[in-house]
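A short write-up of the structure that comes next.
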Amino acid sequence: MLPGGNLFQFLKREVLVGEHQVFHRTLKEALVGTCDSVLDIGCGSRSPLHSFSKQIPRTVGIDGHSASIERSRAAGIHGEYHQMELMDAGRRFGPKSFDAVVALDVIEHFEKQDGFRLLEMMESLARKRVIIFTPNGFLPQDEWDSNVHQVHRSGWEVYDFELRGYRVTGMSGWKPLRGDYALPRIRPFRIGSRLSILTEPFATRFPKHAFQLLAIRDMEAS
């Protein structure tokens, strides 16, 4: 039996979608309407929150790269910005000072032990929810855009999050179909992208086989 018992609605919601649309939709559903304040750790120049950040009363972006902060500020994605070392957020903001704390494509830039410290800090800052988005396993990446923070230093698996009470959803389709910077391996890109999108329902339900992971922990239930 398909979700909702309606084949057309299932296809419309899960398959007939654009690139990374499932991720953006799931992220929005986790934040808008339930969280009045969000701290975006490592917000970069174009945070995935950009399409709906105006629907959240207070959003704060922090990043260690000044050019990324300025581009994000120019785009008006967040209402407040701080250029700072990401691990200093625990000292800058008090415990339980935000409804939600997110780190999207960030934790893989830390060594593994420092990544666990990042999780602990985020969990201390969040009243309601912590959200992590990261590649499934180690994905090599060097410095780019004149930003040394772009180097990947660790890989994260489903169990890393589940053991801490996160629920994990697979994102971006079946893992073998994407490579560097989440670009499709199959050329031309539009065909590779469509093939990846077609596998999203499978990857969503079986995150160990997905290219990326979306991990959400509800702090109120912990």
Considering only residues that are free of Cβ contacts under 8 Å to residues at least 40 places away in the same chain and crowded, with 22+ Cβ neighbours inside 10 Å, look in segment 155-181 and name the one that is farthest from F206 (Cα to Cα). R178
Any chance you could count how many residues in segment 212-222 are surrounded by fewer than 23 Cβ atoms within 10 Å (Cβ to Cβ), in contact with a strand residue (DSSP E or B) (Cβ under 7 Å, 6 or more places away or on another chain) and among the hydrophobic types (A, V, I, L, M, F, W, C)? 2
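May I ask you to verify whether I69 is over 20 Å from E108 (Cβ atoms) and surrounded by 17 or more Cβ atoms within 10 Å (Cβ to Cβ)? Can you show your working first?
On the way: over 20 Å from E108 (Cβ atoms): yes; surrounded by 17 or more Cβ atoms within 10 Å (Cβ to Cβ): yes.
For I69, the condition - over 20 Å from E108 (Cβ atoms) and surrounded by 17 or more Cβ atoms within 10 Å (Cβ to Cβ) - is met.
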Filter segment 29-51 for residues that are buried (at least 17 other Cβ atoms within 10 Å of the Cβ) and either more than 23 Å from H82 (Cα to Cα) or modelled with pLDDT under 90 (or both) and give the result. A30
Yes or no: segment 140-154 includes at least one residue that is among the hydrophobic types (A, V, I, L, M, F, W, C) and crowded, with 17+ Cβ neighbours inside 10 Å. no
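Free of Cβ contacts under 8 Å to residues at least 24 places away in the same chain and not in a helix (DSSP H, G or I), is that true of T59?
Working: free of Cβ contacts under 8 Å to residues at least 24 places away in the same chain: yes; not in a helix (DSSP H, G or I): yes.
In short, yes.
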Give the number of residues within segment 182-222 that are more than 20 Å from W156 (Cα to Cα) and among the polar types (S, T, N, Q). 4
Any idea how many residues of segment 183-205 are buried (at least 18 other Cβ atoms within 10 Å of the Cβ) and touching a residue at least 24 places away in the same chain (Cβ under 8 Å)? 8
Return the residue satisfying two criteria in turn: it lies in segment 7-19 and is out of contact with any Leu (no Cβ under 9 Å at 6 or more places or on another chain) and part of a loop (DSSP other than H, G, I, E, B), and of such residues it is modelled with the highest pLDDT. E19
In this structure, is R194 part of a helix (DSSP H, G or I), basic (K, R) and over 17 Å from the mean Cα position of the chain (by Cα)? yes
Here are V60, V106: which of them is within 14 Å of the chain's Cα centre (by Cα) and either β-branched (V, I, T) or closer than 29 Å to G155 by Cβ (or both)? V106
Just to be sure, is G4 at pLDDT 95 or above and outside any loop (DSSP other than H, G, I, E, B)? no
Identify, by number, the condition in (1) among the β-branched types (V, I, T); (2) at pLDDT below 95; (3) under 28 Å from P95 (Cα atoms) that T134 doesn't meet. (2)
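Taking the options W156, W144, name whichever one is under 26 Å from E85 (Cβ atoms), modelled with pLDDT under 95 and aromatic (F, W, Y).
Values: W156 fails: modelled with pLDDT under 95.
Going through W156, W144 in turn, just one is under 26 Å from E85 (Cβ atoms), modelled with pLDDT under 95 and aromatic (F, W, Y): W144.
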Would you be able to tell me the number of residues in segment 20-42 that are more than 11 Å from the chain's Cα centre (by Cα), among the hydroxyl-bearing types (S, T, Y) and assigned to a helix (DSSP H, G or I)? 0
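The values are calculated or read from the model by the stated rules, or taken from the named source; none is laboratory data. Since the structure is predicted, the reported quantities are computational estimates derived from the model, not experimental observations. Because the Cβ atoms are built from the backbone with ideal geometry, glycine has one as well, and the counts that use them run over all protein chains shown.
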